[in-house]
Amino acid sequence: MALSVGATVVSTSTHADVALSLATWMETTNLILEHRRFPDREAYIRIPEDIQPHLAGQDVILVTNTYPDEQIVQSILLLQSLEQIKRAESQGIGTLTIAIPYYGYARQDKQFLPGESISSATLAMHFSMHCDRMAILDVHAKEPFGELGIEVLHPSLIPEISEFFNSGIEIDAVLAPDAGSVERASAAAELLKVPFTHLTKRRIDAHTVIHEPKELDVEGARVLIIDDMISTGGTIIRATQSLRDQGAIEVHAACTHGLFTAGATERLLHSLDSIVASNSLPNPVARIDAGKAIARCLLEAGPPTRER
Ligand code: R5P
């Protein structure tokens, strides 16, 4: 393994806020890489010559998202250029980690119908060909990352979400809106020291199904709903309605990834008492630091255990 003397964070200006926070928590610097778009929107990237000496012997951490689509191509180009420097005879870099605050395409984590691409695994395979390690914040499903042949870290924002609510908003219970959120939401409930529940379906008659919190009376309670991502807001709005029907007096929501597609923020603010997300993506309610969660995970893990 190459001799590593420290870690350096690199990113384009698009991801500079998370990258800067990550670098600050890791007590290192964030160096900005060159990027622009040609008139036809194709990506141009470059590792500027003046920063190359600063990468020598360093464990380099590239911060970049795979959303929207154009960031996928840009991320692959950046990784490949860094890898080229890593392989150089002189001034090579140590190890190469890609840190992804928001991993797009994570929801296609299996073949639901024959002939589909397992998009999450397909992207991961391309990235894994150019780096020693991936660190992906609160990815929707971890399964597609199991057999890539490189180390994959899964930082979690749950401690930061819990800290946010512990120091501001009183919560009596945490709810997972669906089965996929149970692990994250129950971990938050534990940190907040409140009961946890998730929504279940109860059939009333042939035409009516009620969604209600499983085995928890939320009458008079202040409930926090936790999900990995919010897109249209439909999942959270349905859960909020169900909690209000059951007598909850306040409903708050927190997610890691605030996609908030057309009009979602307004609909959610109309329905909820408050909503908060991380800055893994730019969004109007980004109050929680994704960089801190990624830094905690990388510091705990130390340098990559082996190189490709
Ligand atoms: C789904 O399994 C995810 O965890 C989210 O619950 C879902 O993607 C949220 O989407 P929307 O806001 O459109 O309901």
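The values are calculated or read from the model by the stated rules, or taken from the named source; none is laboratory data. Keep in mind that what you see is a predicted model, and the values were worked out from it rather than measured. Cβ placement follows ideal geometry from the backbone for every residue including glycine, while neighbour counts extend to all protein chains displayed. Side chains are part of the model used for accessible areas, which takes the heavy atoms of the whole protein and leaves out ligands, DNA and RNA. Shrake-Rupley method; radii C 1.70, N 1.55, O 1.52, S 1.80 Å.
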Index of the failed condition, Glu300 passing every other in (1) open to solvent by 20 Å² or more (accessible area, probe 1.4 Å); (2) more than 24 Å from Glu170 (Cα to Cα); (3) assigned to a loop (DSSP other than H, G, I, E, B) | (3)
For region 35-53, indicate whether the set of residues that are assigned to a strand (DSSP E or B), aromatic (Phe, Trp, Tyr) and either more than 24 Å from the chain's Cα centre (by Cα) or over 20 Å from Gly302 (Cβ atoms) (or both) is non-empty.
-> yes
Of the numbered conditions (1) in contact (Cβ under 8 Å) with a residue 12 or more places away in the chain; (2) surrounded by fewer than 22 Cβ atoms within 10 Å (Cβ to Cβ); (3) out of contact with any helix residue (DSSP H, G or I) (no Cβ under 8 Å at 6 or more places or on another chain), Gly146 fails exactly one; give the number of that condition.
-> (1)
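For (1) surrounded by fewer than 24 Cβ atoms within 10 Å (Cβ to Cβ); (2) within 12 Å of the ligand (Cβ to nearest atom), each residue gets a yes or a no:
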{"residue": "Ile230", "(1), (2)": "no, yes"}
{"residue": "Ile236", "(1), (2)": "no, yes"}
{"residue": "Val251", "(1), (2)": "no, no"}
{"residue": "Ser274", "(1), (2)": "yes, no"}
{"residue": "Ser278", "(1), (2)": "no, no"}
{"residue": "Ala290", "(1), (2)": "no, no"}
Conditions: (1) assigned to a helix (DSSP H, G or I); (2) closer than 29 Å to Ala19 by Cα; (3) within 14 Å of the ligand (Cβ to nearest atom); (4) open to solvent by 50 Å² or more (accessible area, probe 1.4 Å). Arg184 meets all but one. Number of the miss?
-> (4)
Mind checking which pairs have a first residue in region 180-204 that is more than 17 Å from Phe164 (Cβ to Cβ) and aromatic (Phe, Trp, Tyr) and a second that is away from the ligand (no atom under 11 Å from the Cβ) and modelled with pLDDT of 95 or more, Cβ under 6 Å, 6 or more apart or different chains?
-> Phe196/Val174; Phe196/Ser186; Phe196/Ala189
Number of positions in region 96-115 that are at pLDDT 95 or above and surrounded by 14 or more Cβ atoms within 10 Å (Cβ to Cβ) | 11
Restricting region 216-228 to residues that are among the charged types (D, E, K, R) and away from the ligand (no atom under 16 Å from the Cβ), which is least open to solvent (accessible area, probe 1.4 Å)?
-> Arg222
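Which ones in region 41-99 are charged (D, E, K, R) and closer than 24 Å to Pro282 by Cβ?
Taking region 41-99 and keeping what is charged (D, E, K, R), we get 41-42, 46, 49-50, 59, 69-70, 83, 86-87, 89.
Hits for region 41-99 are Arg41, Glu42, Arg46, Asp69, Glu70.
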State whether the residues of region 42-65 include one that is under 25 Å from Val139 (Cα atoms) and open to solvent by 30 Å² or more (accessible area, probe 1.4 Å).
-> no
Those residues that are in contact with a Lys or Arg (Cβ under 8 Å, 6 or more places away or on another chain), over 18 Å from Pro282 (Cα atoms) and in contact (Cβ under 8 Å) with a residue 40 or more places away in the chain, I need them from region 6-34; list them, please.
-> Trp25, Leu33
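One line per residue, one yes/no per condition, for (1) among the aliphatic types (A, V, I, L, M); (2) surrounded by fewer than 20 Cβ atoms within 10 Å (Cβ to Cβ); (3) away from the ligand (no atom under 16 Å from the Cβ):
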site	(1), (2), (3)
Glu163	no, yes, yes
Gly168	no, yes, yes
Leu175	yes, no, no
Gly180	no, yes, no
Glu190	no, yes, yes
Pro195	no, yes, yes
Ala206	yes, yes, yes
Lys214	no, yes, yes
